[in-house]
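Colleague: Below you'll find the structure I mean.
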Amino acid sequence: APGLLGVILPKPAGAIAVAEAVAHLTPGLDAIVLVETAHALHEVEAIAALPPVARLALGQVDLGIDTGLSFDSLEVAQSVRTRLAVASAVAGLPGPIEGPVMHINDEKAVTARAAEAKLAGMRAMLSIHPGQVAAINAAFSPSAKEIAGAREIVDAAAANSGSGAFALDDGRLI
């Protein structure tokens, strides 16, 4: 369809199901795969490697129902997030997308979840309500300190052009 950039594939039953679904896409369209089933989590590396998969996303509610995992446990959540982040990196994809917080009026929960997800390699987050967007944007945008650090590295790289590895003023090796 004109203007269509991609699709989101919910609840895939594994890599074969994703391959069959994306085979019907118009060439050039991207797919974001929601990892919401035990089979999808089990085969996440194979799913991430399939063209035209452009991104993985965590569907923690349905994944929890399908597997019995409790995403109220930080250890469980971080383990699954890390698995998606590593699969994405190996496949050359951008970092995965965190699933939404289901409480629409709990900005503290959105902020906390986004911070946890970012630490585990998630690089975006779904929302289910416009009121969640500001907290998500704040969590996934670079801080002033991160921007300053990046500028320091770029400036030092320009000053040390052609010298290979170099150290910043604080001793960090770049």
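The values are calculated or read from the model by the stated rules, or taken from the named source; none is laboratory data. As the structure is a prediction and not an experimental result, all values here were calculated from the model. With ideal geometry, Cβ positions are generated from the backbone for all residues, glycine too; neighbour counts draw on all protein chains shown. Each accessible area value is taken on the protein alone, full model and side chains, heavy atoms only, with ligands, DNA and RNA left out. Shrake-Rupley method; radii C 1.70, N 1.55, O 1.52, S 1.80 Å.
Colleague: Considering only protein heavy atoms, with the full assembly of protein chains and a 1.4 angstrom probe, order Met102, Met125 by accessible area, largest first. Mind dumping the intermediate values first?
Modeller: Working: Met102 105, Met125 25 Å².
Descending order: Met102, Met125.
Colleague: May I pose another question? Using Cα-Cα distances under 8 Å and only pairs 6 or more residues apart, what relative contact order does the chain have, in percent?
Modeller: 14
Colleague: Once you place label points 7 Å from the Cα toward the Cβ at Ala19 and Leu119, how far apart are they in nm?
Modeller: So the label points at Ala19 and Leu119 sit 3.8 nm apart.
Colleague: Taking the Cα centre of the chain as the origin and placing charges on Cβ (Lys, Arg +1; Asp, Glu -1), which of Gly3, Gly92, Ala15 is farthest toward the positive end of the dipole?
Modeller: Positive-end residue among those listed: Gly3.
Colleague: Tell me, what is the FRET efficiency for Asp30 and Lys145 to the nearest 0.05, using R0 = 30 angstrom and their Cβ-Cβ distance as r?
Modeller: Efficiency at R0 = 30 Å is approximately 0.40.
Colleague: Output the Cα-based Rg and Dmax of segment 7-150 in Å, rounding Rg to one decimal and Dmax to a whole number.
Modeller: Cα radius of gyration and Dmax of segment 7-150 are 15.2, 45 Å respectively.
Colleague: Compute the FRET efficiency between Leu74 and Lys11 as 1/(1 + (r/R0)^6), taking r as their Cβ-Cβ distance and R0 = 22 Å, and round to the nearest 0.05.
Modeller: Result of the calculation: an efficiency of 0.35.
Colleague: Would you calculate a helix-derived [θ] at 222 nm for the chain, using -39,500 (n - 2.57) for each DSSP H run of n ≥ 4 and dividing by the full residue count, to the nearest 500?
Modeller: Value at 222 nm, helices only: -13500 deg cm²/dmol.
Colleague: OK, next. Cα gyration tensor of segment 42-108, axes a ≥ b ≥ c as square roots of the eigenvalues: rounded (a/c below 1.5), prolate (a/b > b/c) or oblate?
Modeller: prolate
Colleague: How much accessible area per residue does the chain have, counting only protein heavy atoms and a probe of 1.4 Å, in square angstrom?
Modeller: Solvent-accessible surface per residue comes out at 57 Å².
Colleague: Which aspartates and glutamates, on any chain, are close to Lys118 with Cα under 15 Å apart, when same-chain ones fewer than 8 places away are left out?
Modeller: Lys118 reaches Glu75, Glu98, Glu146.
Colleague: Would you mind telling me the share, in percent, of accessible area of segment 1-150 contributed by carbon and sulfur at probe 1.4 angstrom?
Modeller: Using a 1.4 Å probe with all protein chains present, segment 1-150 comes out at 63 percent carbon and sulfur.
Colleague: Also, quick follow-up: Non-local amide H neighbours of Lys11 (under 5 Å, H modeled in plane, Pro and chain starts lacking H): which ones?
Modeller: Placed amide hydrogens put Leu34, Glu36 under 5 Å from Lys11.
Colleague: With a 10 Å cut-off between alpha carbons and a GNM built on the chain, which of Ala156, Ala89, Ala23 moves the most?
Modeller: Maximum fluctuation in the GNM of the chain, among the listed residues, is at Ala156.
Colleague: Charges only on Cβ, +1 for Lys and Arg, -1 for Asp and Glu: so what's the dipole of the chain about the Cα centre, in debye to the nearest 20?
Modeller: In debye, rounded to 20, the chain gives about 200.
Colleague: To test your reading of the geometry: what angle, between 0 and 90 degrees and rounded to tens, separates the Cα axis of helix 74-91 from the longest principal axis of the chain?
Modeller: Tilt of helix 74-91: around 80 degrees.
Colleague: Continuing with the same structure: So for segment 81-149, Kirkwood radius off the Cα pairs, Stokes-Einstein at 37 °C and 0.692 mPa s: how many µm² s⁻¹?
Modeller: Translational D for this selection: 263 µm²/s.
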